[in-house]
1. So what is the 222 nm mean residue ellipticity for the chain from helices alone, if each DSSP H run of at least 4 adds -39500 (n - 2.57) and you divide by all residues, rounding to the nearest 500 deg cm²/dmol?
2. ³J(HN,Hα) across the stretch 29-35 via Karplus (A = 6.51, B = -1.76, C = 1.60, θ = phi - 60°), whole Hz, x for Gly/Pro?
3. So for E148, E27, E125, E141, what's the accessible-area order with a 1.4 Å probe, most first?
4. Taking springs between alpha-carbon atoms closer than 10 angstrom, which of R210, R45, R97 fluctuates most in the Gaussian network model of the chain?
5. Compute a Gaussian network model of the chain, connecting alpha carbons closer than 10 Å, and tell me which residue from F12, F124, F114 fluctuates the most.
6. Just the accessible area for I47, please: 1.4 Å probe, Å², rounded to the nearest 10?
7. Compute the distance in nm between two label points, each set 7 Å from the Cα along the Cα-to-Cβ direction, one at V140 and one at L49.
Amino acid sequence: MKVTIIGCSGSFPGPDSPASCYLVEAEGFRMLLDFGSGSLGALQRHIGLYDVDAICLTHLHADHCLDLCGYHVARTYGPAAPYPRVPVYAPADAPRRLAAAYGMPEEPCLETAFDFAGLAPGTFEVGPFTVTAATVNHPVEAYGFRVEHAGRSVAYSGDTGESNDLVKLAADADILLCEASLVDKPDLPVGLHLSGRQAAEHAAKAGTGRLVLTHLVPWNDPAVVMDDACRGGYDGPVELAHSGAVYDLT
Ligand SMILES: [Zn+2]
Ligand SMILES: [Zn+2]
C-alpha cells in the first residue's frame, strides 16, 4: 500500500498545498480519502485525470469534498466520455449537497460521474482495501477512516475533536494521519478540532507506528504545531504533512 498526501491544508488551500486529499494505492487500485478544494489539480501530478477508482469522503465541509464538482465535469464531458462511474462513499446527504454546490437540480445528482453510497460506522471492502469508518467528533456527520491492505494499515482522523473512537480506529496502525488544526492553549473548543498535543495523545493511546500531523491551517505556524505535538507523550516518529509526501507501506 502506498499513501500520497495530495492536500493537507486545513479548512482552505494554502500557498503550498490544496485542502484535504490523500491518495491510497495498492494492486493498481487508486482510492482517494477526501477531495477538498484545489486537490484535483495536485492529484494530476501523481496519477492520470481518469485514474481514480474510488473516493471516500469523511464529511461534507467544503475543504473535504468540493473538488468532486470539478471532477464531475472531467468525467462527464471529457474527450472519451462517458467514463465509468466512480464509487463515492460519503455521508448520505452528499448527492444533494454536492449537486447544490455544482448548481444542478437534485436529480440527477452528479450521477453521470459518481455512484454514491451512504456511510455508516463499520467495515466494508473497496477494491483491494478493507476500509473501516468510525464516527468522530465534529459539528456535522463526520467519519475517520482506517484502510488496511496486506497486513499494513493507515488511519485518517478527518476533522475531529478529542475522540475515543479515533483511538480505537487507529489502534496499532502503521501511520496515523491526524488533524492538528489548533494551536494548543487552555480551554480548547470541544468537538471541533485537535491541537498538535491532542493529536500526539491520540497516537500514543492508539500505539500507532508514525504520526503525521495534517489539516494544517495556513494562519498557524507549523513549527508551533510541531512543538505542541512534542508535548503529547508520543514517543514514535512525528512529522508535518506536506503535499507530495509519499509513504510506502510494503
Ligand atoms: Zn476541514
Ligand atoms: Zn470539517
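The values are calculated or read from the model by the stated rules, or taken from the named source; none is laboratory data. This is a predicted model, so every value here is computed, not measured. Ideal geometry is used to build each Cβ from the backbone, glycine not excepted, and the neighbour counts take in all protein chains shown. Ligands, DNA and RNA are stripped out before the accessible areas are found, and what is left, the full protein with its side chains, is counted by its heavy atoms. Shrake-Rupley method; radii C 1.70, N 1.55, O 1.52, S 1.80 Å.
1. So the helix-based figure for the chain works out to -5500 deg cm²/dmol.
2. With coefficients 6.51, -1.76 and 1.60, one gets 9, 10, 10, 9, 9, 6, 8 Hz.
3. Highest to lowest solvent-accessible surface, that is E27, E125, E141, E148.
4. Result: R45 has the largest fluctuation of those listed.
5. For the chain, modelled as a Gaussian network with Cα springs under 10 Å, the answer is F124.
6. For I47, solvent-accessible area is about 10 Å².
7. 2.7 nm
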